[in-house]
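The values are calculated or read from the model by the stated rules, or taken from the named source; none is laboratory data. Everything quoted here is computed from the prediction, not taken from an experiment. Note: ideal-geometry Cβ built from the backbone for every residue, glycine included; neighbour counts use all protein chains shown. SASA here: full protein model, heavy atoms, side chains in, ligands and nucleic acids out. Shrake-Rupley method; radii C 1.70, N 1.55, O 1.52, S 1.80 Å.
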Amino acid sequence: MKKSFRTSGTCASMIDVEIEDGVVTDVSFSGGCEGNLTGVSRLVVGMQVDDAIARLRGITCGRKSTSCPDQLAKALEAMV
């Protein structure tokens, strides 16, 4: 299953996520800090969706109440 999600409160504007059999198989961000978001994407590929959500949910960025990893967790939650 592949879906796109519009982010809220982050520099990245969109996240494209693909899941197969409960495993994250692909993640790409539009906008934001390319190096950090490429790193986050590569780290979660191959992870069980629930594990990725548990690790990323609630991470903040500076004074913001969310972050790109937190938005990815929300996108994954919406897919399961």
Exercise. For the chain, which span is the longest to avoid every loop-located (per DSSP) member of trypsin sites (Lys or Arg not before Pro) having at most 13 other Cβ atoms inside 10 Å?
Worked result: 1-62
Problem set entry | Stretch gain in nm, segment C11-I59, where the contour uses 0.36 nm per residue and the Cα spacing is subtracted | 15.8 nm
For this session: Give a residue-ordered list of calculated ³J(HN,Hα) values for segment 15-28 (Karplus: 6.51 cos²θ - 1.76 cosθ + 1.60, θ = phi - 60°; whole Hz; x for Gly, Pro).
Result: 10, 9, 10, 10, 10, 9, 6, x, 10, 6, 10, 7, 9, 9
Problem set entry | For the chain, size of Cβ-based charge dipole, Lys and Arg +1, Asp and Glu -1, in debye | 420 debye
Problem set entry | Accessible area per residue, Å², the chain with all protein chains present, probe 1.4 Å | 59 Å²
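Carbon-plus-sulfur fraction of the accessible area of the chain, 1.4 Å probe, in percent?
Of all accessible area on the chain, carbon and sulfur atoms account for 48 percent.
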Exercise. Given the options S41, S65, S30, which has the most mean-square fluctuation in a GNM of the chain, springs set between C-alpha atoms less than 10 angstrom apart?
Worked result: S65
For this session: Report the label-to-label distance for E77 and D21 in nanometres (one decimal), using points 7 Å from each Cα along the Cα→Cβ vector.
Result: 2.8 nm
Exercise. Can you list the HN-Hα couplings for segment 40-53, worked out from phi with the Karplus curve (6.51, -1.76, 1.60; θ = phi - 60°), rounded to whole Hz and with x for Gly and Pro?
Worked result: 4, 4, 5, 5, 8, 4, x, 7, 5, 4, 4, 5, 5, 4
Problem set entry | Among G31, G58, G39, residue whose mean-square fluctuation peaks in a GNM of the chain (springs only between Cα atoms under 10 Å) | G39
